[in-house]
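Remarks on the structure that follows.
The values are calculated or read from the model by the stated rules, or taken from the named source; none is laboratory data. Note that the structure is a prediction, hence the values are computed from the model and not measured. Here the Cβ is made from the backbone with ideal geometry for all residues, glycine too, and neighbour counts use every protein chain on show.
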Amino acid sequence: METTKQPRLRVAIQKSGRLSESSQSLLRNCGLRFARSKDKLFWYGIDFPVDLLLVRDDDIPRMLLEGVCELGIVGENIAREAMLERNGGQGLTALRQLGFGGCRLSLAVPENLEIEDISELQGKRIATSYPGLTRALLKERGVQARIVELSGSVEIAPALGTADAIVDLVSTGTTLRANHLRELQVLFESQAALYAPEALAEEKIPLQKRLLARLDGVISAAESKYVMLHAPREAVEEITELLPGVEHPTLLPLENSSRIAIHAVCREGLFWEHLEALKAAGASAILVLPVEKMLA
Ligand code: ATP
Ligand code: ZN
């Protein structure tokens with residue numbers, strides 16, 4: 001039984017938006033279950049001492065820095081921007097990249113602007129909601145521009161005449177095209193990550209480690225596949241080499257057969273091309289199964 005004295009962790013995730021579903025299912029896959037409060041902003045962890053705070057993504061870095069929660073799932077774009085604003089880039093540690101919420105922070109210019117290189121934007125006005133990141137990323141590339149900070153609708157700034165170019169998040173590029181903008185250069189690739197404050201109270205460290213181990217299990221399971229196949233004995237070496245991310249497969253004899261069964265966990269993407277190559281090397285009865293959990 002749990003007592004109230006046992007340390008608990010609070011994890012802040014986005015309440016509703018692009019990251020909410022994936023954040024929730026990631027934690028659920030770690031075996032966490034929650035009792036939802038009426039206002040739905042605080043979910044109490046039922047059989048694991050981890051509670052959830054459901055908030056706007058922009059609030060997560062501040063909550064971590066102020067000690068309101070010990071972990072937060074937020075886009076690297078938001079976390080990096082907040083750190084630059086507050087502490088010159090310090091204060092939060094990215095513990096794990098989570099593989100969802102992928103997007104890029106790109107510099108885009110009006111379609112009809114004849115410009116090939118961002119160096120041509122020296123001294124120009126650039127509209128963005130990410131002033132800190134934009135300044136830092138342009139500086140890295142030797143460009144000093146005038147930043148026009150906007151909280152939204154950045155993509156219409158050039159048409160309105162308030163900026164010469166923009167720096168904004170892009171995933172498909174549809175919004176850019178709809179606004180007659182051309183993506184000139186990707187400045188930063190972002191995805192959701194698990195963040196923590198740089199310092200964590202001593203008594204909470206074991207719990208954080210336990211949660212991270214489960215998280216690692218979920219992440220590597222999602223990337224892994226369990227493969228079973230039959231192969232001629234003499235092809236074992238070649239077939240093992242064809243299985244991506246496999247070092248030590250299990251070899252099992254087959255009754256009344258010169259062939260052998262090979263079982264292995266592939267830790268990298270397994271595509272049709274791989275299966276075709278396996279077949280060409282003599283493999284048959286190839287089965288690929290999802291891996292649900294893994295604990296190294
Ligand atoms: P909130 O109400 O929580 O403030 P929001 O409108 O700021 O939500 P979303 O649009 O849900 O945020 O985006 C959350 C995060 O998703 C972004 O900060 C970014 O990391 C990621 N993301 C992925 N693709 C895109 C995209 N095409 N445009 C914007 N953000 C994206
Ligand atoms: Zn937001």
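Matching residues to (1) crowded, with 22+ Cβ neighbours inside 10 Å; (2) among the polar types (S, T, N, Q); (3) in the same structural domain as Gly91 (by TED's automatic domain parsing):
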| residue | (1), (2), (3) |
| --- | --- |
| Ala157 | yes, no, no |
| Gly161 | no, no, no |
| Asp168 | yes, no, no |
| Gly173 | no, no, no |
| Arg177 | no, no, no |
| Ala196 | no, no, yes |
*Please name all residue pairs, on different chains or six or more residues apart, with Cβ atoms under 9 Å, provided the first residue is in the stretch 168-188 and is free of Cβ contacts under 8 Å to residues at least 24 places away in the same chain and the second residue is surrounded by fewer than 15 Cβ atoms within 10 Å (Cβ to Cβ).*
Arg177/Glu111
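Being within 21 Å of Glu76 (Cα to Cα) and out of contact with any strand residue (DSSP E or B) (no Cβ under 6 Å at 6 or more places or on another chain) is the filter; apply it to the stretch 156-172 and report the residue that is modelled with the lowest pLDDT.
Just the residues of the stretch 156-172 that are within 21 Å of Glu76 (Cα to Cα), to begin with: 166-172.
With the extra rule that they be out of contact with any strand residue (DSSP E or B) (no Cβ under 6 Å at 6 or more places or on another chain), the set shrinks to 168, 172.
Values: Asp168: 97, Thr172: 92.
Out of the qualifying residues, it is Thr172.
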_Count - residues of the stretch 68-98 that are within 25 Å of Pro131 (Cα to Cα), more than 16 Å from ligand 1 (Cβ to nearest atom) and either of a type outside the set (A, V, I, L, M) or not assigned by TED's automatic domain parsing to the domain that holds Glu198 (or both)_ = 7
*Output the number of the condition that Ile166 fails; it satisfies all remaining conditions of (1) away from ligand 1 (no atom under 16 Å from the Cβ); (2) among the hydrophobic types (A, V, I, L, M, F, W, C); (3) touching a helix residue (DSSP H, G or I) at 6+ places or on another chain (Cβ under 7 Å).*
(1)
*Among (1) within 30 Å of Glu66 (Cα to Cα); (2) of a type in the set (A, V, I, L, M); (3) in contact with an Asp or Glu (Cβ under 8 Å, 6 or more places away or on another chain), the one test that Ala221 misses*: (1)
*If we keep just the residues of the stretch 63-79 that are at pLDDT 95 or above and among the charged types (D, E, K, R), which is surrounded by the most Cβ atoms within 10 Å (Cβ to Cβ)?*
Glu70
*Considering only the stretch 37-67, state which residues are more than 16 Å from ligand 1 (Cβ to nearest atom) and closer than 16 Å to Glu198 by Cβ.*
Leu65, Glu66, Gly67
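Is it the case that Ser220 is out of contact with any helix residue (DSSP H, G or I) (no Cβ under 9 Å at 6 or more places or on another chain) and over 29 Å from Pro61 (Cα atoms)? Full working, then the answer.
On the way: out of contact with any helix residue (DSSP H, G or I) (no Cβ under 9 Å at 6 or more places or on another chain): yes; over 29 Å from Pro61 (Cα atoms): no.
The answer is no for Ser220.
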*Can you name the residue in the stretch 84-102 that is under 18 Å from the mean Cα position of the chain (by Cα) and of a type in the set (A, V, I, L, M, F, W, C) and is also farthest from ligand 2 (Cβ to nearest atom) among such residues?*
Leu95
*Which pairs do you get when a residue that is in the same structural domain as Leu176 (by TED's automatic domain parsing), found in the stretch 102-118, comes within reach of a residue that is away from ligand 1 (no atom under 11 Å from the Cβ) and among the small types (Gly, Ala, Ser), reach meaning Cβ atoms under 7 angstrom, with the pair 6+ apart or on two chains?*
Leu107/Ala165; Ala108/Ala165; Val109/Ala165
_For the stretch 33-48, which positions are buried (at least 19 other Cβ atoms within 10 Å of the Cβ) and either within 16 Å of ligand 2 (Cβ to nearest atom) or small (Gly, Ala, Ser) (or both)?_
Gly45
*Going by the structure shown, is Asp51 among the charged types (D, E, K, R), under 30 Å from Leu295 (Cα atoms), in contact (Cβ under 8 Å) with a residue 12 or more places away in the chain and exposed (fewer than 15 other Cβ atoms within 10 Å of the Cβ)?*
no
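For the stretch 254-273, what are the residues that are outside any loop (DSSP other than H, G, I, E, B) and surrounded by 17 or more Cβ atoms within 10 Å (Cβ to Cβ)? I'd like the intermediate steps shown before the answer.
The initial filter retains those residues of the stretch 254-273 that are outside any loop (DSSP other than H, G, I, E, B), namely 259-266, 272-273.
Once the filter is applied, which keeps residues that are outside any loop (DSSP other than H, G, I, E, B) and surrounded by 17 or more Cβ atoms within 10 Å (Cβ to Cβ), the stretch 254-273 yields Arg259, Ile260, Ile262, Ala264, Val265, Cys266.
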*Name, by its number, the condition in (1) at pLDDT below 95; (2) surrounded by fewer than 18 Cβ atoms within 10 Å (Cβ to Cβ); (3) not β-branched (Val, Ile, Thr) that does not hold for Arg210.*
(1)
